[in-house]
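Before any comments, here is the structure.
The values are calculated or read from the model by the stated rules, or taken from the named source; none is laboratory data. Values in this document were obtained by computation on a predicted structure and should not be read as measured data. Glycine also receives a Cβ, built like all others from the backbone with ideal geometry; neighbour counts cover every protein chain displayed.
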Amino acid sequence: MLPQIADVVIIGGGVIGTSIVYYLANRGLDVVLLEKEGIGSKTSSAGEGVIFLQLKKPGIHLKIAMESLKQYRKLRDELDYDIEFTNHGTMLIIQNDEEFEAMRNHTKDLRENGLPLKLLDRKEAREIEPELSESIYGATFSPLDAQVNPMNFSFAMANSARKMGANILPYTEVLGIKVKKEKINEVVTNKGNISTNIVVNAAGIFAPNIGKMVNVNIPITPRRGQLLVTEVIPKILNRPVTAARYLAIKYNPDIAQIAAGKAAAIEPTENGNLLIGSTREFVGFNYYTTFEGIKDIAENAIAMVPKLKNISIIRTFAGLRPYTVDGLPILGKVDDLKGFIMAAGHEGDGIALAPITGELIAELIATGKTKIDLSKFNLERFK
Amino acid sequence: MKDDIIICRCEEVRLGEIKKAILEGVITVEDVKRRTRAGMGLCQGKSCGRIIARLISQYTGQSIKSILPATFRPPVRAIKLGHLGGEENCCPK
């Protein structure tokens with residue numbers, strides 16, 4: 001049943017929205033989460049679950065990711081659900097001399113920022129991952145990096161919030177938001193209206209649509225990532241391995257256009273399947289996979305781990321990530337509209353940053369300030 | 001039917017787990033899959049998909065016609081990565 005009134009209404013039931021509802025319910029607020037489809041059914045169930053620290057930019061980006069990891073460890077112990085949190089580190093695989101030099105600088109940068117990243121030569125890399133190709137040049141190894149199951153995480157956060165009294169409403173679509181005297185006043189859904197003074201826009205790739213309802217322009221674009229799922233196999237990798245080139249593709253869309261999909265990311269999962277991604281393409285709201293995309297991923301994955309060629313895939317799929325032009329999410333209050341709070345645009349970092357996003361947004365709503373300065377993440381930076 | 005009967009053979013998901021998910025408010029075949037892994041295995045829900053649709057209909061009262069099947073995605077059958085990756089003679093027959 002739809003409540004008539006709430007302290008806070010969160011729009012979006014992915015890893016971000018469910019994390020926010022958990023931390024708000026934990027603070028005792030009367031909170032409602034609206035999700036137009038099932039919990040964790042869009043972007044959150046269409047990607048890998050790697051908490052990648054070594055793919056973050058040195059500075060505030062890395063800092064919040066490290067804080068997020070701390071929260072994950074707490075959640076693993078606190079939640080009544082198994083979120084499949086494991087910590088085996090990750091490796092970025094270097095495939096030529098130029099990459100080796102670039103990764104040497106990247107390692108130095110991140111180490112100076114507090115991440116204990118190691119640069120390994122071919123022999124050292126293959127000692128810890130023996131199935132890596134003999135033709136690689138080396139790898140970086142980040143021992144703190146971890147993994148989680150994003151679907152389980154969404155369900156765990158939503159169910160735990162519900163136990164603390166939050167109203168979790170899947171299959172409930174927001175149709176409009178009413179504003180009175182430049183303040184949020186009411187949320188209109190397909191099941192009725194809710195009076196509230198605070199709305200959190202955690203709608204990911206759909207966040208711009210929510211923004212339009214209140215005349216706020218939100219520069220988030222869907223970016224497609226195609227993935228493959230292999231059959232369940234005995235363990236051949238101990239941790240996620242990703243092409244180092246991925247780092248360049250992530251932050252430079254021009255490279256992504258040339259080398260679309262040529263940087264594979266291989267994640268061994270708890271269940272024994274491997275998830276292999278991923279392209280980064282701008283194709284609007286198109287969820288299809290393409291033969292070309294899948295073929296490129298397969299080629300690059302085999303180049304890193306030759307044994308993969310004899311392993312079968314059982315499914316391909318694609319997810320859309322909420323891309324922003326500077327690679328950072330949009331978090332916090334919005335000028336000119338009181339009570340409208342942003343928490344979207346994490347692109348592929350949603351899973352890494354979900355706990356810290358939930359914690360900071362809840363702190364902001366409950367106390368009016370945050371332990372980490374959110375000004376670098378505000379919407380106004382795009383003006 | 002007993003709760004311990006297996007509905008998804010590939011992932012060994014039992015009736016009880018599926019029933020629990022539906023009773024907790026999950027009302028589509030896709031969402032049952034995300035919750036329980038039913039349909040995520042080697043056959044990709046080719047057998048259990050219909051049974052799950054029927055169970056949702058039975059427990060929620062929705063008509064079976066209104067329950068959409070899960071999305072089917074390529075490949076139709078499992079295929080070796082080596083064939084996709086362009087190596088002609090990759091995999092011995």
(request) Report the residue count in the stretch B:14-48 for those that are closer than 23 Å to A:PHE317 by Cα, of a type in the set (Val, Ile, Thr) and assigned to a helix (DSSP H, G or I). (result) 3
(message) If I ask for residues that are part of a helix (DSSP H, G or I) and of a type in the set (A, V, I, L, M, F, W, C), which ones from the stretch A:58-104 would you list?
(response) A:ILE60, A:LEU62, A:ILE64, A:ALA65, A:MET66, A:LEU69, A:LEU75, A:PHE100, A:ALA102, A:MET103
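Could you list, in sequence order, all residues of the stretch A:349-369 that are acidic (Asp, Glu) and either within 21 Å of A:ASP77 (Cβ to Cβ) or not in a helix (DSSP H, G or I) (or both)?
We begin by selecting, within the stretch A:349-369, every residue acidic (Asp, Glu); these are A:349, A:359, A:363.
A:GLU359, A:GLU363, listed by residue number.
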(message) Just checking, does the stretch A:300-310 include any residue being touching a Lys or Arg at 6+ places or on another chain (Cβ under 7 Å), closer than 29 Å to A:THR230 by Cβ and outside the structural domain of A:ARG122 (by TED's automatic domain parsing)?
(response) no
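So in the stretch A:302-318, with the set limited to residues that are more than 7 Å from chain B (Cβ to nearest Cβ) and part of a helix (DSSP H, G or I), which one is farthest from B:HIS83 (Cα to Cα)?
Among residues in the stretch A:302-318 that are more than 7 Å from chain B (Cβ to nearest Cβ) and part of a helix (DSSP H, G or I), the one farthest from B:HIS83 (Cα to Cα) is A:MET304.
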(request) Specify which of the listed residues (B:ILE18, B:ILE79, B:ILE5) is surrounded by 14 or more Cβ atoms within 10 Å (Cβ to Cβ) and touching a helix residue (DSSP H, G or I) at 6+ places or on another chain (Cβ under 7 Å). (result) B:ILE18
(message) Quick check on my filter: what residues within the stretch A:109-155 are more than 20 Å from A:ALA265 (Cβ to Cβ), of a type in the set (Gly, Ala, Ser) and surrounded by fewer than 22 Cβ atoms within 10 Å (Cβ to Cβ)?
(response) A:GLY114
(request) Mind telling me which of the residues A:THR140, A:THR90 ends up being at pLDDT 95 or above, closer than 30 Å to B:ARG35 by Cα and not hydrophobic (A, V, I, L, M, F, W, C)? (result) A:THR90
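So which of A:ILE276, A:ILE266, A:ILE297 ends up being assigned to a helix (DSSP H, G or I) and buried (at least 24 other Cβ atoms within 10 Å of the Cβ)?
On the way: A:ILE276 fails: assigned to a helix (DSSP H, G or I); A:ILE266 fails: assigned to a helix (DSSP H, G or I).
Result of the check over A:ILE276, A:ILE266, A:ILE297: A:ILE297.
Considering only residues of the stretch B:15-43 that are of a type in the set (D, E, K, R) and over 12 Å from the mean Cα position of the chain (by Cα), which is farthest from the other protein chains (Cβ to nearest Cβ)? Before you say what the answer is, go through the steps one by one.
So the first thing to find is which residues in the stretch B:15-43 are of a type in the set (D, E, K, R), and the list is B:17, B:19-20, B:24, B:30-31, B:33-35, B:37.
Going one step further and asking which of them are over 12 Å from the mean Cα position of the chain (by Cα), we end up with B:17, B:19-20, B:24.
Numbers: B:GLU17: 13, B:LYS19: 16, B:LYS20: 12, B:GLU24: 8 Å.
Among them, the one singled out is B:LYS19.
From the list A:GLU67, A:GLU99, A:GLU48, A:GLU84, pick out the single residue that is within 14 Å of chain B (Cβ to nearest Cβ), over 18 Å from A:ALA161 (Cβ atoms) and acidic (Asp, Glu). Talk me through it step by step, then tell me what you get.
Working: A:GLU67 fails: within 14 Å of chain B (Cβ to nearest Cβ); A:GLU99 fails: within 14 Å of chain B (Cβ to nearest Cβ); A:GLU48 fails: within 14 Å of chain B (Cβ to nearest Cβ).
Criteria check complete, one pass: A:GLU84.
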(message) Looking at the structure I just gave you, is A:GLY204 more than 14 Å from chain B (Cβ to nearest Cβ), in contact with a Pro (Cβ under 7 Å, 6 or more places away or on another chain), of a type outside the set (S, T, N, Q) and touching a residue at least 24 places away in the same chain (Cβ under 8 Å)?
(response) yes
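Does A:LYS56 qualify as being within 17 Å of the chain's Cα centre (by Cα) and over 30 Å from A:LYS163 (Cα atoms)? I'd like the intermediate steps shown before the answer.
Values: within 17 Å of the chain's Cα centre (by Cα): yes; over 30 Å from A:LYS163 (Cα atoms): yes.
So A:LYS56 fits the description; yes.
Quick check on A:LEU364: is it hydrophobic (A, V, I, L, M, F, W, C) and surrounded by fewer than 22 Cβ atoms within 10 Å (Cβ to Cβ)?
Values: hydrophobic (A, V, I, L, M, F, W, C): yes; surrounded by fewer than 22 Cβ atoms within 10 Å (Cβ to Cβ): yes.
Here the answer is yes, as A:LEU364 does meet what is asked.
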